Structures are given as structure tokens and as C-alpha cells.
Amino acid sequence: MRRLDLHALHVAPAPRVAVLVCLALALPACGRGTARRPGGARADAAVARRGGDGQPASRPAPPARQAHVWVVGDRLQVGYDTEATLRAETAPGTPPLRFRWEQASGPDVRASMRADGGTLKFRTRPLHDLVRPRKRFGLLPIAAHEIGAYAFRLYADGPGLRSVVPVEVRSAESDGEWPRAVPGRDRYLTCGGGEGPWRWTITRRAKGSKEASLREAGTCTPRFRPDVHGVYEITEQASRRSISLDVGPWFGASDCGRAECHPREHERWLQTKHGSIARRGLEGEIRGYSFACLRCHAVGAFEQNILGKGFDEAMMRSRFVFPEKLEPGNWARVPPAVRSTLGVGCDNCHAPGFYWTGWGVAACARCHDAPPKYVRLVEWRRSRTAADEPLPPSAKTTDGSCARCHTAQGFVEWTRREPPPRRNWKTPHPVPPGTPEAFGRSLRDLEPQTPHACLACHAPHPAKPTHASLREPPPGTPYAWLGAGQLCATCHRQPAGARDDDAPHGSVEGDLLGGEVAVRAGVTATRPSHAKVPGGCVGCHMARPRTWRRGDAPLARGGHTFKAVVDGEACRACHEKGAPRSLAYATELPALRTAIEGVVRARTGAVTFDVRGGRMVLVGANGAVRPIGDQALRRAVYAYLVLRADRSSGVHNPALARRLMTQPLGALQ
């Protein structure tokens, strides 16, 4: 296994050495307070000036110089529940130093820290303490906050010398749930839970593989480290289940964007924040941007592994130096090979080695599940749409008309306004986008089905730049005046083409807000006062306090929880004394149902009404059902069912809710 040779870096000028060593050591703050290793630069030693008589001079002692100290030992991919050892080393000729270690951040391991001079030993936290368990056999995705990153400071003091060396140790690297891997990088597997024993073995190796390893093979979550490119298979012998992994390099965006590959997606990606983040950072457009940001803003960065052919290798070959001053013109000076690996590129989402498409949250969580800086995924997991596991097979996930709102794959296929990228370059897309046949093809090709996660609403390379890369609603979606909320109304409304006897289906809030339910209920409707809320649904359901800043705690309501903020700033713009929490008609619904049932018995002889197979029907005393033939009665039943389904208790459109409560029943009486 080839690793970065730190000694080989000494041929570079001193500033270059500091940057490259910092990359290799994966230090959290590159170049700031980090002592360089010797070699080419003379070792500094602080010697107190003495007078001619050999006694110290009376003038004040000069300030302490920086001691040449560095740290060696276990830093990258050390594993969970593993003892790690760090050891301080000094330049030749350096006087004896006093060392002190402290933990600066990360999961608390102070109880296990044992320091002996310049040597520190500690035990990393167990995997089950940090990583969210998965219930499905396969690959174990690891989010940014689950990697077990431990930051330490080493304080070194001596005669006239002082140094503070930051060191970071990581249990693992973040990974999406992709069936891909990079040589030299651990992939964690999971049995999906249950009782052992487990016996994992490598049952297939890539050609030329000699050093591929499988550690903790007797546990539910072993880690596999490939050594060369190719296909591997790992089998859990007790259950006879296998996992296949394609192992390859990081390619970089320019390679993916070639004319014969994905030029359209590449050009669109360049217009997104993901595509421009590194350029904007290097040119000083992002405050606080630093070399450490490239851990997420480059492919194959900070891995101490040049077999991956990502940023690490490109930087080494081109001898790229992160600029000390971030200013316009820096991007043009970046070597092309390095530039191709910068930005949140194709491989960050589509995996290294070979093109892969996933729809779950794991690929985004590699960087964006990192509280307190990034809290959107924490908030999303508090929402009703959140699910880390694939959806079980059902009509909602396999039928095209249902899956378009109940799965991420179906929704994206529905919103397409053009053919998707060709899955086989020899075979064009066989059916027009946005048709049920296209849904069915997508669902067959892209199993297992996943719930609405990041990719359902956000397009990594949209056809045109939009706020937050939001997808465009399907053609024909009403309520354009909702702004960004129009995308919510795509599914939170009644299906097009509903018949008179169809019951309200799923979410009614979009049509209640927009007034469409008034037509079938036979009542008058006008645009609600809540149409003035900027962003429509987003303005209330995703609102954040004006004082909220990045780094603050995740929200319990609003943000990506999608739970409406009652009495928030958006409400107080109109409701100076506080917004009503509901119209309190939930207590009136039983009386409304009783009144409608009285009319049912008087007019039809049936006992009550119900919904069977999605249709509104009358139910007799013997349980027999029949359609509702009376239009006025259908409208009253429909109005009642809409009010019962509305989870806002009428707040979306108070005026229309009141009319639904009274007008259809009044027409019956």
C-alpha cells in the first residue's frame, strides 16, 4: 500500500512543506501553530544570552522560540473501540522538553487518556456509541458527525522553547451507502442486527490483490480495506449473504464532463454552489475559508492515499500549494489536474470508481450531517418524511401513480421535463419523461425505493439555477403564486382527474390553501390571506428565527422539520397579538358528522357514510355499501372528509374552512 512519504516532502521550500505535511497529518488547522518537520531548515534552539563573565545578562530574556516538535502515530482510520497511540518527536539537538496533552474537541475520551511524557494513549469510542445502526444487511453509511474525530493539543515547553501542536485522530472516514470503495480506505459493513455469531470472509478478490484485509470479522460491523482496483466480494458465512464492492479511483469532475460522457450535467453543475464552492473560497468570496474546508470541497482529499487518484495525488504530482492569501486570480493559477478534483464534484455523490446513483440521505450526510455547523439533516430526521431505511415493497412504492409522491425516485421521474441521463449510452430513453411508463421504468431500475429525502426536492445539477437547487414542479402544477411552496403543493393536493365520488386522497392542505376543494364541495372560495406569506408553504413551515445563525442548535419546529412555526415572525407580520393556533373546529366535526348522518338516514335509508377503496359510499344497517347518488349529499360528505384530513385545523384557509363547515350542510337542509 502506497502512502504519502513525509520525508520526500522535505525537498520543497519551507512554506510548501508546512502545507503538504499538514495535509498528510490531517491537522484541523493547517499552517497555524503547526511546527514543521526538520530537513532543509536549520533546527532552531533557544540559548539564553550570557554576559562576558558567563552570568546571565540583566536585560529581559528574549521571547520563547517555537520548538520543532511533530507527532507520529495512529491518526487515520484507527477504528472504533481501538487503542490509539500518539508520540511526540523533536528535532536533533533540541533540549529536553516538558509535554502536556489535552483533548480539544470530539467525543469525550478523557477518562481513557494515559500520558507518559510525549506519548499519549487513549481508546476511541465504540461504533455503537457514535454511528446510527442500520436494520438492513449491507454497507454501513457513516455520516460526518459519526466518524469519531478526536482533536488534541500537545503543549511542549523547554528552556526558551514553546510549541503547541494540534493533532486530529479519526476512527473512520465518512461514507455514503454506495457499493463502491477506494484502495486503502476502510468500508464498514453491517449484518443488519440480530444475534451472532458472525463469520465474515473475503470470498472474491480483485486481480493482483495481496493485502486486502477484513478486520473485526467476528462482529456485526467488520471493516474491509481493499488494496487494488477491481471487484471484491465479502460473505457473512453464517447467513450466506454477500456484498459486492467495485473498487476504483476518484475521477474528478472534468473527467466525468467529457463530451462522450456527461457534458450536459457537468455544465449545469458548474452553475451550482457545489460546483463553484472551491473557486469562490480560493478567491476570497467566502469568509473564513481555509485548507481544512477541502475535506468536503474536493474528491479524495485528506486520505493520505495516492492510489485513490483524487485530490491527494493531484496535489502531490503538481506540487500545488494552498494560497496564503485568498484573492481573485487564485483559481486561474490552480493546476488543471487539481482543479478537476476541487468542488463538491461528481464522485462526492456518485461514488468513486464507477458511476452509481443513490436516492437516500447517506451521500449528503457525508458532509451535511455535521452539527452544530450543519443541522438540516438533524432537523429532517424530526420530520414525518424521515427514514434512513428503504421503503418496504407495497403499492405505494411500485405503482407509478402512487410512487411519484411516496418515493424519491418516482417524484424525480415525475418532475423531469426532459429525458434523464442515458443509463446505457447505446440505448436512448424509450419513453417521454413524466409518463406512467417512465415511472415504471425508473422504479424497476432504481430499487430499493427510498422516501422523500434530500434528492427529492434538491437537484444536484438542475436545468437552470434555482434557490437551493430546488427542482421545478411537474408541468401543469397549479398555484404558481406559492413561490417555492409550489413544489410542496405538487404532492400535498388531490390527484388530477378525480371523480365526483372519489374521497379526499392523502394531503389536502395544498388544495385547501389554493381553494380547489371548494369546486367539488360546491362552495365559493377566494384566494386566502395566507397567499401573502413569502414562499407560501416554505414561509411558515420552514421559517427560522431572524436571530438564528449557523452554529445554533437545530430547530424543533421550522427549518427542515417542515413543522409550521406557530406565532413565528411570519405570523406576527399580520397577527400582532399572536396567531390563532387553530379554528377549534376539531370539536365541531363530530356534530357535523352526526348532522350529515341524520340526512343520510332520512333521504337514503342507509345508516352512515364511509370510504371504501378510495370512494365515498353509503353503508346500510347490514353493512352493504352503495354509491352516493345525491350530489348535494356527496358534496357534504366530501367537505366533512376534507376538514377531517386537514391537519392544520383550518389555519391554511380559515374562510374556506368555515364555508365547508356550513354551506354544504345548509344546502342539504
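The values are calculated or read from the model by the stated rules, or taken from the named source; none is laboratory data. What you see is a predicted model; the values in this text were computed from it and never measured. Counting neighbours? That spans all protein chains shown, and the Cβs are built from the backbone with ideal geometry, glycine included. What goes into the accessible areas is simple: the full protein's heavy atoms, side chains included, and nothing from ligands, DNA or RNA. Shrake-Rupley method; radii C 1.70, N 1.55, O 1.52, S 1.80 Å.
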Checklist entry - If you scan segment 95-121, which residues turn out to be within 14 Å of residue 169 (Cα to Cα) and open to solvent by less than 40 Å² (accessible area, probe 1.4 Å)? => result 101, 103, 107, 109, 120
Checklist outcome for this item: When segment 520-537 is checked residue by residue, the ones that are surrounded by fewer than 22 Cβ atoms within 10 Å (Cβ to Cβ) and not in a loop (DSSP other than H, G, I, E, B) are 520, 529, 530, 531, 532
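Per-residue answers, yes or no, for (1) under 22 Å from residue 335 (Cβ atoms); (2) basic (Lys, Arg):
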{"site": "272", "(1), (2)": "no, no"}
{"site": "277", "(1), (2)": "yes, no"}
{"site": "300", "(1), (2)": "yes, no"}
{"site": "309", "(1), (2)": "yes, yes"}
Next on the checklist: With the structure loaded, tell me whether residue 579 is within 18 Å of residue 642 (Cα to Cα) and either open to solvent by less than 60 Å² (accessible area, probe 1.4 Å) or modelled with pLDDT under 85 (or both) or whether it fails that test.
Outcome noted: no
Next on the checklist: Checking residue 267 against (1) within 24 Å of the chain's Cα centre (by Cα); (2) open to solvent by 60 Å² or more (accessible area, probe 1.4 Å); (3) in contact (Cβ under 8 Å) with a residue 40 or more places away in the chain: exactly one of these is not met. Which one?
Outcome noted: (3)
Next on the checklist: Please go through (1) at pLDDT 95 or above; (2) closer than 30 Å to residue 461 by Cα; (3) not β-branched (Val, Ile, Thr) for residue 183 and return the number of the only condition it doesn't satisfy.
Outcome noted: (1)
Checklist entry - So which strands (runs of 3 or more DSSP E) are wholly in segment 111-212 and hold at least 2 residues that are without any contact (Cβ under 8 Å) to a residue 12 or more places away in the chain and farther than 23 Å from residue 366 by Cβ? => result 114-116
Next on the checklist: Can you find, within segment 129-162, the residue that is modelled with the highest pLDDT among those that are surrounded by fewer than 20 Cβ atoms within 10 Å (Cβ to Cβ) and among the aromatic types (Phe, Trp, Tyr)?
Outcome noted: 155
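Here is a check on your reading of the model: is residue 238 at pLDDT below 95 and surrounded by fewer than 16 Cβ atoms within 10 Å (Cβ to Cβ)?
On the way: at pLDDT below 95: yes; surrounded by fewer than 16 Cβ atoms within 10 Å (Cβ to Cβ): yes.
The answer is yes for residue 238.
Yes/no matrix, rows are residues, columns are (1) assigned to a helix (DSSP H, G or I); (2) touching a Leu at 6+ places or on another chain (Cβ under 9 Å); (3) open to solvent by 60 Å² or more (accessible area, probe 1.4 Å):
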site	(1), (2), (3)
452	no, no, no
456	yes, no, no
473	no, yes, no
478	no, no, no
505	no, no, yes
518	yes, yes, no
547	no, no, yes
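For every residue, the table says whether it meets (1) touching an Asp or Glu at 6+ places or on another chain (Cβ under 7 Å); (2) open to solvent by 20 Å² or more (accessible area, probe 1.4 Å).
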residue	(1), (2)
223	yes, no
248	no, no
256	no, yes
273	no, yes
278	no, no
297	no, yes
301	yes, no
317	no, yes
